[in-house]
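Before any comments, here is the structure.
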């Protein structure tokens, strides 16, 4: 699956009365709109700017054009005051997420300002008018405020568009389960009809026979090319035989995912229990590579979290499946890990490939990819099923801790990260479980808790921020 660039429809709002009385003023806003476009585009957002809109007919046509263009969200910018009743019907009729960009042309509007600048900086109260009406109509929206040249504000605006992209992706997910779900794991188990009805996720299941057939269709030339590519981009500490074996199985899995157009998948390691078949090793290496390409993953048959990871990875880039494995009470941190899966997009160093003994036996030793995770801000995200087929999105800002010389050398063979939540680990874990958090989650790099909370709201999920105030 190829990640789709997030795309926003930028909707400049204006007042027809100004065109009637002061027609010369309109041209003064051209550079302002271009600054907004450039700021969003420099942050990876494709922008489709509509003509300046003033009356209901113009707004309706602009919104319709954005829908036809397939944008992920509408972003309004009030060039000046614009009456809310001209836009509100079109805004409530569209299913697109609405983002209000509350910004103005000038950063400095202090006591020394010329009154001539009022004309070009008074859109703020138009935003208030529109937001008030959206709330009265119970129409959800997001808002970000600040000066157009404020880098942090424009990054937040771009991330809201990414949140809209992720929301659309989650609700259009096709996800594959290879093998049956792990027997007895209940927290992520959701009926497929509920996944489809509540979240728009289409889940399918296949056995290893289909994977066997896909592996048999892989050519030796394909294996050789993939091995060569691995040895260019990763540190390979593995025999040629073990590497080729894992790559062959992995390319078969890739073929299954590509042919089915899947945006996420889950593999139950228990299904890999024989050496006398093409699927003779657990495809950990390809699982990590797939996440690097924006295909979501979660272990043990968990198609719910796989859909979440895929949607976030395609929209925000650096994201991976993970689990909280251990609590470092003394260091006030949490140890994240799993058997052999991590996205190379979160790597803080060159990922390393090696063969690791398969702890459950019955299968040949798989190749896995490991790395230190990039230290710095990140967000721990969980999609939690609740009572009566409801779902909550748990959003927790964390700090990924840097590894140092104290790292046990044997830990280099382990998928790993240490993160520190805000506040005490004990309090975090208590609040997490009270909120129903599952043991499968996603980690998204960057200071993006606000954007991820917006993603949850856009997806119709109850959003739980941790720590809770």
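Numbers at a glance
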quantity	calculated
Computed label-point distance, nm, for sites residue 149 and residue 69 using a 7 Å Cα→Cβ extension	2.7 nm
Rg [Å, one decimal], Dmax [Å, integer] - the range 240-379, C-alpha atoms	15.0, 48
Residues 41, 86, sorted so that the one with the fewest Cβ neighbours within 10 Å comes first	41, 86
Cβ-derived FRET efficiency at R0 60 Å, residue 330 paired with residue 228, nearest 0.05	0.85
Mean separation of Cα contacts under 8 Å, 6 or more apart, over the residue count of the range 7-170: relative contact order %	27 percent
Inter-site label distance for residue 41 and residue 365 at 7 Å from Cα along Cβ, in nm	5.3 nm
From the coordinates shown, Cα Rg over 2.2 N^0.38 Å corresponds to which of (i) 0.97; (ii) 1.08; (iii) 1.02	(ii)
In degrees, nearest ten, helix 449-458 long axis to first principal axis of the chain (Cα)	80 degrees
Extension gain, residue 92 back to residue 407 (0.36 nm per residue minus Cα-Cα distance, nm)	108.0 nm
Packing-based exposure ordering (other Cβ within 10 Å, fewest first) of 289, 4	4, 289
Quotient of C-alpha Rg and 2.2 N^0.38 Å, computed over the range 51-197	1.38
For the chain, calculated [θ]222 nm from helices alone, where every DSSP H run of n ≥ 4 adds -39500 (n - 2.57)	-11000 deg cm²/dmol
Residue order, fewest to most beta carbons within 10 Å, for 236, 64	64, 236
Rg ratio (alpha-carbon, reference 2.2 N^0.38 Å) - the range 417-457	1.27
Relative contact order [Cα under 8 Å, 6+ residues apart], the chain, whole percent	14 percent
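Quick note: the coordinates plus some simple rules give every number you see, no bench work behind them. Not measured: the values here are computed from a predicted model. When we count neighbours, we look across all protein chains shown, and the Cβ atoms used for this are built from the backbone with ideal geometry, even at glycine.
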